[in-house]
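One structure is given here, and the rest of the page talks about it.
The values are calculated or read from the model by the stated rules, or taken from the named source; none is laboratory data. Remember, it's a predicted structure, so these values are computed and weren't measured experimentally. Cβ coordinates were reconstructed from backbone atoms using ideal geometry, including for glycine residues, and neighbour counts include every protein chain displayed.
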């Protein structure tokens with residue numbers, strides 16, 4: 001869990017394009033891992049330098065990895081074209097916390113690891129990565145939470161189902177009109193809209209929902225509202241609750257899609273490539 005205002009140390013997997021091809025065959029050959037191998041707790045050490053600490057922990061505690069051939073994942077052509085068209089005009093603000101001149105694509109496709117602001121630039125590349133389309137709506141989205149129980153049947157402690165897991169980007173649009181920026185951005189200053197509603201399971205949370213707005217202004221925090229069917233009230237949430245454990249499980253919308261709090265509220269330090 002990260003707290004605002006603290007300095008966060010990041011080891012970055014790659015410095016240029018986030019969605020680059022990973023030379024897995026060359027790496028795995030050096031590590032003694034090849035397609036067709038099965039990694040279990042008994043031989044987990046073979047992937048220790050190839051996976052994140054969290055994944056390595058899971059393998060050592062019973063998770064099995066079936067090694068398959070790698071394949072290249074390229075940027076969508078419209079995203080690549082937007083990067084080539086607009087990236088030359090993008091720069092960090094004087095305080096190095098926000099962006100000036102961003103329109104679409106990746107803000108900083110060419111990064112010098114000796115740049116004192118390399119950490120900030122990598123994080124802004126992460127903000128505008130091509131991980132989803134300009135707008136999306138996943139229906140009946142499921143998420144299960146379970147204990148790690150090596151050698152035994154896994155025990156599910158929470159099974160969450162959501163009717164809509166939806167989002168809409170106002171800036172950086174590359175595939176769906178309006179392109180590349182929704183005109184509403186000039187009036188509202190919103191970068192994106194997000195919704196998660198209604199909860200269908202577990203039963204005690206059925207009917208609850210959440211909407212959230214992210215703003216381009218560096219000092220304007222997110223607007224977040226929740227709907228509670230029991231009280232039939234819409235509640236505006238304090239921004240600190242977006243990255244806080246509020247019960248037995250973490251509520252934590254800041255990590256619903258990876259690390260996704262308001263970028264300007266953190267400090268970043270580049271440690272090296274891995």
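Does residue 106 satisfy being under 24 Å from residue 259 (Cβ atoms) and assigned to a loop (DSSP other than H, G, I, E, B)? It is true that residue 106 is under 24 Å from residue 259 (Cβ atoms) and assigned to a loop (DSSP other than H, G, I, E, B). All told, residue 109 meets the bar of being surrounded by 12 or more Cβ atoms within 10 Å (Cβ to Cβ), within 18 Å of residue 172 (Cβ to Cβ) and at pLDDT 90 or above. Among the residues of region 58-79, those that are closer than 19 Å to residue 154 by Cβ and over 21 Å from the mean Cα position of the chain (by Cα) comprise 59, 60, 61, 62, 63, 64, 65, 66.
Which of the residues belonging to region 94-119 are in contact with a helix residue (DSSP H, G or I) (Cβ under 8 Å, 6 or more places away or on another chain) and free of Cβ contacts under 8 Å to residues at least 40 places away in the same chain? 96, 99, 101, 107, 108, 112, 115 - these are the residues of region 94-119 that are in contact with a helix residue (DSSP H, G or I) (Cβ under 8 Å, 6 or more places away or on another chain) and free of Cβ contacts under 8 Å to residues at least 40 places away in the same chain. Screening the candidates 10, 75 for the property of being at pLDDT below 50 and either under 28 Å from residue 221 (Cβ atoms) or surrounded by 11 or more Cβ atoms within 10 Å (Cβ to Cβ) (or both) yields one hit, 10.
The set of residues in region 208-225 that are assigned to a loop (DSSP other than H, G, I, E, B) and in contact with a helix residue (DSSP H, G or I) (Cβ under 8 Å, 6 or more places away or on another chain) comprises 216, 218, 219, 221, 222.
Checked against the criterion of being closer than 30 Å to residue 160 by Cα and at pLDDT 95 or above, the candidates 237, 191 yield just one match: 191.
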